[in-house]
Each structure stands twice: as structure tokens, then as C-alpha cells.
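Comments concern the structure below.
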Amino acid sequence: MEATTALALSSSSLATARRSPEKATAASLSLRRFSATTSLHLRAARSPALRSHQSPFQGWRRRGRAGGLVVRAEMFGQLTTGLESAWNKLRGVDVLTKENIAEPMRDIRRALLEADVSLPVVRRFIESVSEKAVGTDVIRGVRPDQQLVKVVSDELVQLMGGEVSDLVFAKSGPTIILLAGLQGVGKTTVCAKLAFYLKKLGKSCMLVAADVYRPAAIDQLTILGKKVGVPVYSEGTEAKPSQIAKNGLKEAKVNKADVIIVDTAGRLQVDKAMMNELKEVKKAVNPTEVLLVVDAMTGQEAAGLVSSFNDEIGITGAILTKLDGDSRGGAALSVKEVSGKPIKFVGQGERIEDLEPFYPDRMAQRILGMGDVLSFVEKAQEVMRQEDADELQKKILSAKFNFNDFLKQTQMIAKMGSFSRLIGMIPGMNKVTPAQIREAEKNLKFMESMINVMTLEERERPELLAESRERRKRVAKDSGKTEQQVSQLVAQLFQMRAKMQKMMGAMQGKESPDMDELMGSMKAEEQSAAGTGRRRRKYGNLRQRQLDAMRGFRRR
Ligand SMILES: Nc1nc2c(ncn2[C@@H]2O[C@H](COP(=O)(O)OP(=O)(O)OP(=O)(O)O)[C@@H](O)[C@H]2O)c(=O)[nH]1
């Protein structure tokens with residue numbers, strides 16, 4: 001019952017905020033605390049770094065090429081901090097206006113420029129966010145600062161390409177992936193990482209060593225190929241790259257490989273010879289994908305490179321490496337907008353498994369560091385219609401919360417995700433152990449089975465059950481429970497009413513409730529035997545009406 005109580009209250013505070021934002025200070029304060037705690041709990045649960053009291057971004061590591069020194073980089077930390085100051089300026093604001101977003105927008109602009117996002121991209125971004133933030137599509141129940149987070153988040157996702165851009169596979173014959181890029185960006189490493197990733201998808205791969213200028217590159221690829229368990233085709237350093245690629249493709253066809261990945265030579269900077277060579281290789285094998293590997297740490301320069309490679313040889317996308325060492329984020333944010341080509345993968349470490357598809361939405365959430373709050377509020381709104389929330393609040397305040405409402409709440413919990421995930425979101429409930437959660441889930445099912453056999457009238461007016469032993473006996477018999485268990489359920493509903501009223505009163509009035517204290521007292525209430533002096537002393541006048549009802553019920 002505790003979780004249901006807390007959930008009902010959080011929904012109700014949403015309703016208060018929606019109906020009269022100016023009066024909802026206590027309710028929104030409570031929701032704000034709720035949201036902040038939610039974010040923390042979820043991030044802590046997901047991130048091993050946070051579990052040990054670190055920022056979730058502090059766990060990223062980069063090992064320098066030469067020294068083997070471990071450098072910690074806070075991924076996009078700078079940008080996240082910059083954006084935070086924008087949200088903070090909107091605290092206490094009721095609605096977003098052209099005037100009150102001016103300063104936060106300046107902060108966002110500054111944060112993006114400091115993140116090394118190119119100026120035209122920043123301009124377009126700011127324009128679009130400002131327009132949408134002040135526009136009509138207000139998200140009901142979400143505070144203005146959270147609303148701006150949502151608009152910025154959506155725009156960031158769009159900026160980075162919207163959807164994840166999957167690898168394209170050839171319809172027949174081997175899929176050919178040609179990798180290009182400047183020296184030292186991580187091409188050879190990406191060859192092996194990509195093969196490892198594709199192997200996990202069940203594809204057989206072959207690597208082709210077409211970097212003939214750096215002899216060590218062939219050895220490096222051979223070693224990596226062994227490590228990943230994929231064959232490497234090479235002809236030494238004498239043959240022409242286009243010929244090696246062609247022969248490699250023949251070999252792949254004989255071996256029935258699903259995918260071949262061609263490693264090409266890099267240069268220190270873009271030059272004609274490199275471009276011509278790439279064009280020849282491309283002509284020789286007609287690749288399914290031509291991916292440019294760029295180093296995230298070069299910021300907007302990486303985006304410029306994607307653009308010029310695309311103009312020169314025609315590419316299908318980019319792979320952004322060394323994201324683990326990038327504290328700014330300019331490359332991730334600029335590539336698609338500047339070049340029109342999507343980022344398909346990101347490398348975030350030196351290990352073979354440190355390559356993953358680029359998900360614009362996940363990246364936006366990382367940048368904002370607030371995704372969990374928004375997704376929870378959205379989810380809550382999705383399942384809790386405004387009218388239901390208003391209705392529930394009215395019922396709580398007039399002590400009419402009944403078994404139908406109780407069922408609705410438990411069904412809502414089911415819709416919102418697992419009980420265990422939800423319980424972690426409720427302030428004061430975070431200390432609940434997994435065993436207690438399992439127990440609570442079992443209890444809810446247990447209670448539901450009794451409610452399901454009640455008549456509609458009994459569900460509507462629990463007093464009927466409190467007043468009639470016959471009714472309780474019937475419910476016990478039909479649900480296969482004992483009469484005592486039914487009595488306990490009815491008593492619990494009255495306790496829940498009292499508790500909710502107390503919390504709602506606090507939310508609407510002067511102070512926001514201390515969830516820890518309330519949860520504690522709720523537990524104490526359950527532990528103390530019904531009708532004892534301790535129980536009456538503890539709850540006194542506040543619950544007089546409920547106690548009267550319960551006393552009447554016990555006497556029967
Ligand atoms: N931290 C980190 N290091 C990476 C990543 N990808 C590659 N590296 C490192 O970057 C260095 C260069 O990688 P290579 O794969 O040799 O680069 P390359 O582009 O093939 O270099 P050339 O053959 O000289 O053109 C190596 O030390 C890699 O371990 C990454 O995502 N994160």
C-alpha cells in the first residue's frame with residue numbers, strides 16, 4: 001500500500017501543478033524533489049560510477065597512445081554544466097516567454113560554442129529552440145525549466161540525425177565496408193572493433209589490409225584480427241591498395257564471408273594522393289558503406305572533414321572515435337548538421353568492445369544529464385489522464401479513496417513499468433531492499449485477488465465491508481482468503497485514506513511532506529496492532545474520522 005500511496009500523491013501533485021501553477025508551489029516543490037531524487041536514483045542504479053559517489057561521466061577512461069597513462073575525461077561534462085545554468089535561471093518561472101528565456105538561451109549558446117559546435121549550427125539551433133519553447137505545445141504537468149530541457153533535448157536529437165543510422169548490408173554477396181580517415185584517428189582499431197560487433201550480430205567477417213604505407217599497420221591489423229578471431233587478407237606493401245581490395249573481395253566470396261572491412265592508409269592531412277587512392281579503391285570494389293573515421297577530440301574540425309571527404313569521394317557516414325576523451329562534444333553535435341552525413345558508430349575506449357551504434361537520443365540524454373526525469377514525467381502523463389488525476393485528488397481530499405481507486409493505482413503502476421523500478425523513484429522508498437520489493441509485489445497481487453471478488457458497490461463504499469461481517473466472510477470465501485485477511489485489507493484502506501489526506505494537506509498547504517517520516521510512520525502504523533493505545537496516541541485527531549469508522553468496523 002505504501003508505494004500506491006506515494007504514487008497516488010505524486011500523480012496528484014502533477015494535477016495541482018497543471019490546474020493552478022501559481023498556487024502549486026508546495027506541490028511542485030514536492031514534485032521537484034521527487035524528480036531530482038528520481039534522476040539520482042535512476043542514474044545511481046544504472047551507473048557504477050555514481051554508485052560509488054562519482055559523476056556518471058567520470059568513469060570514462062582514455063589511455064594515451066604512448067605513455068599508457070590513464071587520463072580521466074568527463075564526457076561532455078563542460079556542456080552539461082553550461083546547460084545546467086540555463087535551467088537554473090528558470091526556477092520559479094510559471095510559463096516560458098520570449099523575455100524570460102532570453103538569458104537561458106544566451107547560456108545555451110555560450111555552452112554550445114564552448115563545446116566547439118560550429119557557429120552556424122549554434123545559430124540555427126538557438127533559433128529553433130527559442131521558437132519551440134515559446135510556442136504552443138506546452139507539456140502539461142511539466143515545469144517550465146523541464147519544458148525547456150525537453151525542447152532542447154528534442155532539438156539535440158534532431159541535430160544529431162534523429163534516428164539511429166544503421167549499417168546497410170548488401171542484398172547479395174558480401175557487404176563491403178571501406179574505412180577512410182586521417183592518420184592516427186583509430187581506423188585500424190575500428191576495423192577490429194567493427195568485426196567484433198558484426199560477429200556478435202552473427203555475421204562472418206574478413207579484414208583487408210590496404211594500408212600499404214605504414215608497414216606496422218598490416219601487422220597491427222593481423223594481430224587485431226587474431227584477437228577478434230577473423231581472417232585478415234594482406235599482400236604486403238608492394239601491391240596497389242585498389243588491387244588488394246579487389247583480390248580481398250574475391251577471397252571473401254570464396255570463403256563466403258558476409259562482410260569485408262577494408263582498412264586504408266591515412267595521411268597527416270587531406271591531400272590529393274590520398275583522395276585519388278580512395279577513389280580507386282572505391283571504384284574497384286563498389287563498397288556498400290564508405291565510412292570516414294574521425295577523432296571526436298578535434299571538435300568541429302571533424303565535422304568539416306566529413307564534409308570534405310563526402311564532397312571528394314562520396315561517403316555514407318562517419319565513425320566518431322575517442323569519444324571517451326572528449327569533454328566538449330562539438331564533433332558529435334556538428335557532424336550531421338554540417339555534412340549531411342550521419343554518425344553511424346562511436347568509439348569510446350581502446351578495447352575491442354568499445355564501439356557502439358550512435359544513438360542520438362541517448363547522446364542527448366547524456367549531454368543533458370536529465371533524461372530520466374523527463375521520461376518519467378512523460379510516462380506519468382501518458383498513463384495518468386488529467387481528469388483522472390483531478391478526480392483522484394478530490395477523492396483523497398474528501399477521504400473517498402476507495403477500492404476502485406486502489407485498483408486503478410496498481411494498474412497504473414503496472415503500466416509505468418516494473419514495481420521495482422518505480423519504487424526506486426519514490427523519495428523515501430530508496431532504502432527498500434529487493435526482497436522487500438518482491439514482498440510488496442506479492443502483497444499487491446494478494447490484495448487484488450480480494451478486491452476482484454468484491455461487488456461494485458463494496459469497492460465504491462468500503463464502509464459496507466467495514467460494517468458487515470457477512471460481506472467480509474463472503475469476500476474471504478470467494479477469494480480463498482481468511483476472514484482476518486479481508487478485515488486487514490479493509491482496515492488498510494482506511495489507514496491509506498488518512499495517510500493520503502495528511503500528505504495532500506501538506507502538499508497543498510504550508511510545507512512539503514517529509515516522505516521518509518511518512519513512510520516510517522506508515523510502517524510503524526502497520527506494525528502496531530489495530531486499536532491499541534499506541535496507535536491512537538500517534539495519530540490523534542487527524543485521523544478521527546477514519547478511526548471512528550474503523551472502530552465501528554471492529555466492534556461488528
Ligand atoms: N581512448 C580511445 N583510444 C582510441 C580509440 N580508438 C582508437 N584509439 C587509439 O588511438 C590510437 C590510434 O589508433 P589506430 O587504429 O592505430 O589509428 P589509425 O587511424 O589506424 O592510424 P594510422 O594507421 O596511422 O592511420 C591507438 O592507440 C588506439 O588504441 C577510442 O575510441 N578511444
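The values are calculated or read from the model by the stated rules, or taken from the named source; none is laboratory data. These numbers were taken from a predicted model, which means no experiment stands behind them. Glycine gets a Cβ as well: all are built from the backbone with ideal geometry, and neighbour counts include every protein chain shown.
Remarks
- Within the span defined as the range 192-207, one or more residues are within 13 Å of the ligand (Cβ to nearest atom) and part of a strand (DSSP E or B).
- Verdict on ARG351 being without any contact (Cβ under 8 Å) to a residue 12 or more places away in the chain, surrounded by fewer than 24 Cβ atoms within 10 Å (Cβ to Cβ) and within 16 Å of VAL185 (Cα to Cα): yes
- Where ASP145 falls short, out of the listed (1) assigned to a loop (DSSP other than H, G, I, E, B); (2) in contact with a Phe, Trp or Tyr (Cβ under 6 Å, 6 or more places away or on another chain): (1)
- ILE396 vs. criteria over 21 Å from GLY162 (Cβ atoms) and at pLDDT 75 or above: no
- All conditions in (1) surrounded by fewer than 20 Cβ atoms within 10 Å (Cβ to Cβ); (2) touching a residue at least 60 places away in the same chain (Cβ under 8 Å) hold for LEU198, with the sole exception of (1).
- Members of the range 253-275 found to be more than 13 Å from the ligand (Cβ to nearest atom) and at pLDDT 90 or above, listed by number: LYS253, VAL254, ASN255, LYS256, ALA257, ASP258, VAL259, ILE260
- Qualifying residue in the range 165-180 (condition: more than 17 Å from GLU353 (Cα to Cα), within 12 Å of the ligand (Cβ to nearest atom) and not aliphatic (A, V, I, L, M)): no
- First in the range 171-190 and on the phi < 0 side of the Ramachandran plot and in a strand (DSSP E or B), second anywhere and among the aromatic types (Phe, Trp, Tyr) and more than 7 Å from the ligand (Cβ to nearest atom), Cβ under 8 Å, 6 or more apart: THR175/PHE169; ALA180/PHE309
- Qualifying residue in the range 213-221 (condition: within 27 Å of ASP166 (Cα to Cα), within 16 Å of the ligand (Cβ to nearest atom) and in a helix (DSSP H, G or I)): yes
- Taken over the range 299-308, the criterion of being within 16 Å of the ligand (Cβ to nearest atom), out of contact with any Lys or Arg (no Cβ under 9 Å at 6 or more places or on another chain) and of a type outside the set (A, V, I, L, M) is satisfied by GLU301 alone.
- Note on the range 201-217: among residues that are within 12 Å of THR264 (Cβ to Cβ) and over 38 Å from the mean Cα position of the chain (by Cα), the one that is modelled with the lowest pLDDT is ARG214.
- Yes/no for VAL232 being within 16 Å of the ligand (Cβ to nearest atom), surrounded by 14 or more Cβ atoms within 10 Å (Cβ to Cβ) and either more than 37 Å from the chain's Cα centre (by Cα) or at pLDDT below 95 (or both): yes
- Search result, residues across the range 235-244 that are away from the ligand (no atom under 16 Å from the Cβ) and either part of a helix (DSSP H, G or I) or not assigned by the TED database to the domain that holds LEU182 (or both): SER242, GLN243
- Residues within the range 319-350 that are under 21 Å from the mean Cα position of the chain (by Cα), assigned to a helix (DSSP H, G or I) and within 8 Å of the ligand (Cβ to nearest atom), tallied: 2
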